[in-house]
1. Pairs only if they're at least six apart or on different chains, beta carbon under 6 angstrom, first in the range A:247-268 and at negative phi and in a strand (DSSP E or B), second at pLDDT 95 or above and among the hydroxyl-bearing types (Ser, Thr, Tyr); list them, first residue then second.
2. Can you pull out every residue in the range B:452-470 that is within 16 Å of the ligand (Cβ to nearest atom) and either crowded, with 24+ Cβ neighbours inside 10 Å or not in a loop (DSSP other than H, G, I, E, B) (or both)?
3. Is it fair to say B:PHE481 is away from the ligand (no atom under 12 Å from the Cβ), crowded, with 16+ Cβ neighbours inside 10 Å and not in a loop (DSSP other than H, G, I, E, B)?
4. Determine which single condition B:TRP209 fails, assuming it passes every other condition in (1) of a type outside the set (A, V, I, L, M); (2) open to solvent by less than 20 Å² (accessible area, probe 1.4 Å); (3) in contact with a helix residue (DSSP H, G or I) (Cβ under 6 Å, 6 or more places away or on another chain).
5. If we scan the range B:130-143, do we find a residue that is crowded, with 23+ Cβ neighbours inside 10 Å, within 16 Å of the ligand (Cβ to nearest atom) and under 24 Å from B:LEU62 (Cα atoms)?
6. Suppose we keep only residues that are open to solvent by less than 40 Å² (accessible area, probe 1.4 Å), more than 14 Å from chain A (Cβ to nearest Cβ) and not in a loop (DSSP other than H, G, I, E, B) within the range B:166-189. Which one would you say is farthest from the ligand (Cβ to nearest atom)?
7. Looking at B:PHE120, B:PHE163, B:PHE96, B:PHE109, can you tell me which residue is open to solvent by 10 Å² or more (accessible area, probe 1.4 Å) and either within 20 Å of the chain's Cα centre (by Cα) or facing another protein chain (nearest Cβ under 7 Å) (or both)?
8. Do you know which residues across the range A:206-231 are open to solvent by less than 20 Å² (accessible area, probe 1.4 Å), more than 22 Å from the chain's Cα centre (by Cα) and under 14 Å from A:PHE284 (Cβ atoms)?
Amino acid sequence: MSHLALQQYWWIIISLLGSLLVFLMFVQGGQTLVSQLAKTSIERKILFNSVGRRWDITFTTLVTFGGAFFASFPLFYSTSFGGAYWVWMLILFSFIIQAVSYEYRTKPENFLGEKTYNTFLFINGLVATILIGIVVGTFFTGSDFSIDKLRLTESGNNIISQWEGPAHGLEAALNLTNLSLGLAIFTLSRILGALYFINNVDNKVLVHRASHLMKFCSIAFLVFFLLFTGLILTREGFAVNPETQEVYMEKYKYLHNFIQMPVVLVIFLLGVVGVLAGIYIGAFKKSGKGIWFAGAGTILTVLSIFLLAGFNNTAFYPSTYDLQSSLTIQNASSSKYTLTVMSYVSLLVPFVIAYIWYSWKSLSKKKINEKDIINDDMAY
Amino acid sequence: MEAFDMSLVNWSRAQFALTAMYHWIFVPLTLGLSFIIAFMHTRYYKTGSEKWKNTTKFWMKLFGINFAIGVATGIILEFEFGTNWSNYSWFVGDIFGAPLAIEGIMAFFLESTFIAVMFFGWNRVSKKFHMLSSWFVAFGSNLSALWILVANAWMQNPVGMKFNPDSARNEMENFAEVLFSPTAINKFLHTISNGYVVASLFVIGISAWFILKGKHLEFAKRSILVASVFGLLSSIFVVITGDSSAHNVAQIQPMKFAAMEGIYEGGEGVGLTTIGMVTPGKRYDNNKNDFVFALKAPKMLSYLANRNSNSFVPGINDLIDGNKDHNIIPISERMEFGKLAINAFKEYNNSEDAEIKESALKTLEENYQHFGYGYLPDKKSAIPNVPLTFYSFHIMVSLGFFFIVLFGAFLFFSVKQKIESKKKWLKLAVWSIPLGFLASELGWVVAEVGRQPWTIQDILPTMVSTSHLSTSSVQVTFWAFVALFTVLLIAEIKIMLHQIKSGPKNMED
Ligand code: HEM
């Protein structure tokens, strides 16, 4: 494969990992729902154990997303993580507190008390979804950083990639486009969490409440999502001249991308329809199938958003401080050799998905109910 | 090349050391305990005996408590290369990122998927699949160790790559060389076997405590038997792999090796210090003795370094000032070569003229092996912290031999059915739990303090590796980590102690 083909292949993989991550954040969404859905401690226990059996898959997907991004587009890793320091640190802290909370929340002598761990889970659900959405928003709105490889030869300040604002990423939260995507992802994760409960929990009352609450989340989601979509389709975007690799501003760039890549548009529309169908099924039919539609829909929608940001001669991590510092899938990628090695490794992915699928299936033959949880001495 | 923001560099280092050392409290236990559990689980599968089931479940619970905090402290490390070592990630991301990604794809999913089955599979999946899941967890966790250690080994021994002046970074040329470098292999084997030792000490120590309290005797004896066999084999293996690690370090990182042994003046047929105290205030440029006292095993160091008991081992002074007889270039010259390389890199990029570009490239390539020296402010900055490296190394090694004796004794008493009467040994075993963790942490101190000032040996110094942040930002996150990790550690220990005290459930014995 040519270097460009490998870069595109890896951008698709990164996009897929990103979209899987957003889908799997139904765990985070579920965490934010528990305090609203559960009235008794046993209800809380059922809900936390329901999403709790999945939390580490989401977590692992995040870690793999980071690793894969590092391996395939190291200059993004170096620029974004070191630059948007505070945003990433907040995201990471929220996952650190999540990782212990399930295991420790109901254990005797757990030092902080069950309430604190439940709050940790709520914080994780709130902070991680919103901030990850905000970071992805900057793929369209840009950030203030500069890149100069010759800094390596200077005395004193040798750092190639530098953030030029004092807020180190927090400034992104003040941008309406970023914020609307953050809130869209947050509300979407709550919808997915509710659909997951409807599918996984064997308790009429909880299912009823989840289905009811989901209606409100859905309205909020639609507002934020339409706002975000409207904003990016009408704004100017960061285009790359394929001959010179020069970055310039183009009016309606993302709208053009949709028109010039009809496949991406179709993926996007299918995705949106899937999410809406899932919401309908969950809210009005109270059927467990909703999560499948909304889940597949989420994956397709997010996939198309990533492709919109990176393909068709677009800078996926633009710099508003210095346009020519913007990162494209061509200038930010690994060498051809590394991408080739990694492509062989990526052949393992279907196998990984297969065993995850198999073990999930074998574990969730039965829905979660009260009796089960009380009798299980390994329960959270 | 002066005026580095040293406070930023030091705080970044402090943060990395802090997070890595916290993480490393939990990882070795995961590496080893997972195999012990898989073995016990298999005994249950084969015999169907409730006793083995309860034994498995007891250790599994402790495993889960430990694993959760291991994951919590681990996620930060994956991202910290970016957040705090942005320049490093730029400079070597083309090579360093790959093992991290492979770790995720190959190992983390295996681990996390089957941990869920291992914990929640009782009565939900078939007995066989359940037992196999325990093995998958063990393989998954050890596989993840492989990839991160390959990455670390590459920093210490950067092979299989070439600098690309157009992209200002090193690019991978040979993945097999990266994966199978002797440093990577030694590191992997030494580290996983260290995990088995730590876990065996943990199991024996807790079981010994039960025996001292006169509780769960049969359970405790069963656990001790498993762990002492596993521990004895692993501790012997730790010494063997430690020996080949040291030999490897002598070849590729002679400065680290000299610091480990605290020798300033090199020589032929050098002895190995078994017990010693380095002279306080000894520096490369004063004439104090290396040691206040030292008990030396004659010629052993030369043997360890070069597999030849009369061979030459360079000391710190030889490495700083050079040694013509042994082809060692003085640091001051290497600093000059390094500056040549850096300037050639600049010239290559600033010039449009093909001829100038070509000659610059030639100079760059010829001097690239000294690239990082061009950044050093003075020659003494090429020396790591000697006392810290020396003591860490010697305590680790002494503990290694002590563990062999301990495991040997417990295996002997186990077989002879005499454990209950050996009160002193039982107490010693309880106190050895922290010693296992200590040896393990000290190992990393040797490896990481000993290689300073480099993040990439000879190519990139630590002070050129950071992100562009204010010191105060890093201070804030540093203290946030201190607070959060300490609170979580306290919670972990309290939960763990409670679980241990309540003992294995439903045990008649
Ligand atoms: C005779 C015994 C031992 C010898 C000769 C030995 C030797 C070494 C050497 C030379 C290193 C540095 C390797 C490098 O910088 O690349 C090292 C690192 C290390 N050691 Fe040991 N060691 C011994 C025992 C132990 C024991 C008992 C433990 C723990 C239970 C341990 C745990 C570690 C760890 C975790 C590292 C860091 C990882 C690495 O660099 O391999 N070692 N050891």
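The values are calculated or read from the model by the stated rules, or taken from the named source; none is laboratory data. The structure presented is a predicted model; accordingly, all values stated were derived computationally and were not measured. Virtual Cβ from ideal backbone geometry, glycine too; neighbours counted across all protein chains shown. Accessible surface areas use protein heavy atoms only, side chains included; no ligands, DNA or RNA. Shrake-Rupley method; radii C 1.70, N 1.55, O 1.52, S 1.80 Å.
1. Listed pairs, sorted by first residue: A:VAL247/A:SER326.
2. Of the residues in the range B:452-470, the ones within 16 Å of the ligand (Cβ to nearest atom) are B:452-458, B:462.
B:TRP454, B:THR455, B:ILE456, B:THR462 - these are the residues of the range B:452-470 that are within 16 Å of the ligand (Cβ to nearest atom) and either crowded, with 24+ Cβ neighbours inside 10 Å or not in a loop (DSSP other than H, G, I, E, B) (or both).
3. Working: away from the ligand (no atom under 12 Å from the Cβ): yes; crowded, with 16+ Cβ neighbours inside 10 Å: yes; not in a loop (DSSP other than H, G, I, E, B): yes.
It is true that B:PHE481 is away from the ligand (no atom under 12 Å from the Cβ), crowded, with 16+ Cβ neighbours inside 10 Å and not in a loop (DSSP other than H, G, I, E, B).
4. (2)
5. For the range B:130-143, residues crowded, with 23+ Cβ neighbours inside 10 Å, within 16 Å of the ligand (Cβ to nearest atom) and under 24 Å from B:LEU62 (Cα atoms): present.
6. B:ALA184
7. Values: B:PHE120 fails: open to solvent by 10 Å² or more (accessible area, probe 1.4 Å); B:PHE163 fails: either within 20 Å of the chain's Cα centre (by Cα) or facing another protein chain (nearest Cβ under 7 Å) (or both); B:PHE96 fails: open to solvent by 10 Å² or more (accessible area, probe 1.4 Å).
Matching residue, one of B:PHE120, B:PHE163, B:PHE96, B:PHE109: B:PHE109.
8. Across the range A:206-231, the qualifying residues are A:ALA210, A:SER211.
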